[in-house]
Structures are given as structure tokens and as C-alpha cells.
Amino acid sequence: MEQRTTRWRCSVCSTSLELVPTERRWLCSQGHSFDVAREGYVNLLLAQQRRSRIPGDPPEMVRARERFLATGLYRALTETVVAEVSSCNPRAVLDVGCGEGHHTRALEAPEVLAFDVAKIAVAHAAKRDQRTSYAVANAASVPLADGVVDLCVNIFGPIDSSELARVLPAGGVVVAAHPAHDHLKELRSLVYRTARPHVVKDPLRDRRDLFQLTDTHELRYRFTINEPATALDLFTMTPYRWHAVPQIEQAIIEQAEVGFELTADFVISVYRRTAQPLLRELGHLTPPTIPHLVRTQSTSVS
């Protein structure tokens, strides 16, 4: 019986999993079994790890994000993250909260693993990407052994600092992308009566004893949407949709018909896993000021 060991571990007993290709399932030494889905991923999310019956992004959000990202309007973000990852020359990369896999497919490393809590997103990702090993899992309980990946990527997804510290060895790297102050401020102004700047938060701020922030820069550019369907996809893939007034879609359509100009504003943060906890005194220090490295770019979709 042919078997292949990978870095995934059993979410029940935490022992290593082995893939049995002829039986299309993963097995651990304790006899726990996880079937390989038709699309090629494995579901390692236990029932008690779910916060809802269908956890993660709903299907319409996943489909909208895939359509929007396919336009290339966030290509600069993907390229910036890929460049950061490639500069570290990692052997094994983990994409935490990979969604439908758009950014994952661009990552370059001998081994790429990725997971998300939304099964529909992972199924979509695995179907289009046979190179990456995909799993359904929770960021608060990553199904990997300690210190087995060199680098973790997180783009706009949920993150658990302690779990990242566990799966990374000393010197391991985290590349995280998150919204900056003005990200989609024009869309926010349609959703909220008072559109306040986005509050930039250090993704690993709760474990500064385990991660050292080594680089932070801002990627900012303007783009224009002339197609109402694309504008609605952008809206649907954001959390703003949960707070919008009923007539918001019509307002977005009207903006796109005359050319909806928007601001993309991202923070790219790079961290290094420390060999041991930093001095306790460092806990009260504020993170470095984000330098405004503005990328001038104008993009439109019609």
C-alpha cells in the first residue's frame, strides 16, 4: 500500500498523517482517517472547532472575491507579498486563511501548504491548484506539527499569533498583509454616514514576546472600476456588506457607471520568530511608525 507523509497532522490526536493515494484518504498511527475530497483537499476541521454550521466566508463572498481578483486590480498586492516571500528563499510556506487560493497560486517555494475554515473556498482553491496541499482547518488550531514550516503568509485573514509561533522555528518568518488607513475609503463613504479611517492594527500585537517586527511598508494606489458587476463583487467580498443600507447596491452601480475611483491601501508587515521571548519590558513599546511608501498607479476595469 503506497503511502506518503506530509506535514499535516491529525486534528484528533496530533500525530503525523500519511496519505494513502490508492484509498484517497489520510491516516494517522492511531487509526483516525480523513478522506481526500474530489477536488484534492482534506477536511481536518473538527465539529467542536466550528463556530457555526457553515464556518467561514459564505459562497457568494468566495465567488465575488475570485471574480474581482481575476481582474488584476489587486495584482500589486499579490506581487508585493510574493516578492517578500521569495526574498526569504523558504523551503516550506504555509498560507493561513488562503480563501479561494488566488494569492496562494502565486507563491513560490518547494512546498506550499494552505488552509482556510471555509470548505467551499478550499474546494475552489484545490480544484485549480494541484501543486499546493490544501486543508480545511481553523487558524486557532493549525493541523501542523511544531516548527515544520519556514514562512507563514496571511492576507486579510484571521490569525492566531500563538499558533503561528508554534508551527514556525526560531528565525521563521511571517508576511502579513492588512488594510491601511485609507483602504477603500470611497466605498466606506457610501456604506457609512461617517466614514472614519481604517484603524491599522499590528496583526501579531498580542505576542510581541515571540515575534519581532522587522519591516513594515505601505502599498497604496488608485484604481477605477467602470463595470457595475465588478464594483458589486468588490462590495460583496468586503465586511462592509454586513453594515450597508438597503439601497447601497444601487448607489454602487451608479458610481461604476460614471467611473468609480477607489483607493487601495495595504500594510505589508514582516516578522521574525524569536529564538526565545523578548524582554518583558518590550511589551509596552508601540510598533514602529509605518513609512508611507506610496506606489503611484492608476488602473481601470471597463
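The values are calculated or read from the model by the stated rules, or taken from the named source; none is laboratory data. Everything numeric here is computed off the predicted structure, so don't read it as measured data. All Cβ positions, glycine included, derive from the backbone under ideal geometry; neighbour counts span all protein chains shown.
Of all residues in the stretch 46-100, which are on the phi > 0 side of the Ramachandran plot and at pLDDT below 95? Correct list: Gly56 only. Farther than 22 Å from Glu218 by Cβ and either among the basic types (Lys, Arg) or without any contact (Cβ under 8 Å) to a residue 40 or more places away in the chain (or both): which single residue out of Asp150, Asp146, Asp116 fits that description? Matching residue, one of Asp150, Asp146, Asp116: Asp146. Of everything listed in (1) closer than 19 Å to Phe266 by Cβ; (2) touching a residue at least 12 places away in the same chain (Cβ under 8 Å); (3) charged (D, E, K, R), the single unmet condition for Glu111 is (1). Quick check, is Val20 at pLDDT 95 or above and either out of contact with any Ser or Thr (no Cβ under 7 Å at 6 or more places or on another chain) or among the basic types (Lys, Arg) (or both)? When the stated conditions are applied, Val20 does not pass them. Only residues that are under 18 Å from Phe115 (Cβ atoms), hydrophobic (A, V, I, L, M, F, W, C) and surrounded by fewer than 19 Cβ atoms within 10 Å (Cβ to Cβ) were counted in the stretch 8-27, giving 1. For the stretch 10-61, residues that are within 23 Å of Arg128 (Cβ to Cβ) and among the small types (Gly, Ala, Ser) total 3.
Of the residues making up the stretch 158-201, those that are at pLDDT 90 or above, of a type in the set (Gly, Ala, Ser) and in contact with a Lys or Arg (Cβ under 9 Å, 6 or more places away or on another chain) are Ser161, Ser162, Ala165, Ala170, Gly171, Gly172, Ala180. Apart from one condition, Arg196 fits all of (1) loosely packed, with under 15 Cβ neighbours inside 10 Å; (2) within 23 Å of Asn154 (Cα to Cα); (3) of a type outside the set (Gly, Ala, Ser); the exception is (2).
Per-residue answers, yes or no, for (1) among the hydrophobic types (A, V, I, L, M, F, W, C); (2) under 23 Å from Phe115 (Cα atoms); (3) crowded, with 20+ Cβ neighbours inside 10 Å:
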| residue | (1), (2), (3) |
| --- | --- |
| Asn154 | no, yes, yes |
| Pro169 | no, yes, no |
| Glu186 | no, no, no |
| Val200 | yes, no, no |
| Leu219 | yes, no, yes |
| Ile225 | yes, no, yes |
| Ala231 | yes, no, yes |
| Thr236 | no, yes, yes |
| His243 | no, no, no |
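Looking across the stretch 15-45, the residues that are small (Gly, Ala, Ser) and touching a residue at least 24 places away in the same chain (Cβ under 8 Å) come down to Ser16, Ala37, Gly40. Just the residues that are surrounded by fewer than 20 Cβ atoms within 10 Å (Cβ to Cβ) and closer than 14 Å to Gly99 by Cβ, please, taken from the stretch 130-141. The answer is Ala139, and nothing else. Restricted to strands (runs of 3 or more DSSP E) entirely inside the stretch 14-69, those with at least 2 residues that are more than 15 Å from Leu144 (Cα to Cα) are 33-35.
Please enumerate the residues belonging to the stretch 234-256 that are over 23 Å from Ser161 (Cα atoms), out of contact with any Leu (no Cβ under 9 Å at 6 or more places or on another chain) and assigned to a helix (DSSP H, G or I). Passing the criteria: Thr236, Arg241, Trp242, Gln250, Glu254. Within the stretch 78-90, residues that are more than 10 Å from Glu108 (Cβ to Cβ) reach partners that are at pLDDT 95 or above and assigned to a helix (DSSP H, G or I) with beta carbons closer than 6 Å, at six or more positions or on different chains, in the pairs Thr78/Ala106.
A Cβ distance below 6 Å, combined with a sequence gap of six or more or placement on separate chains, defines the contacts here; from the stretch 196-213, residues that are over 8 Å from Ser161 (Cα atoms) reach residues that are small (Gly, Ala, Ser) and assigned to a loop (DSSP other than H, G, I, E, B) in the pairs Val200/Ala180. The single condition among (1) under 24 Å from Thr80 (Cβ atoms); (2) part of a helix (DSSP H, G or I); (3) touching a residue at least 60 places away in the same chain (Cβ under 8 Å); (4) over 20 Å from the mean Cα position of the chain (by Cα) that Leu190 does not meet is (1).
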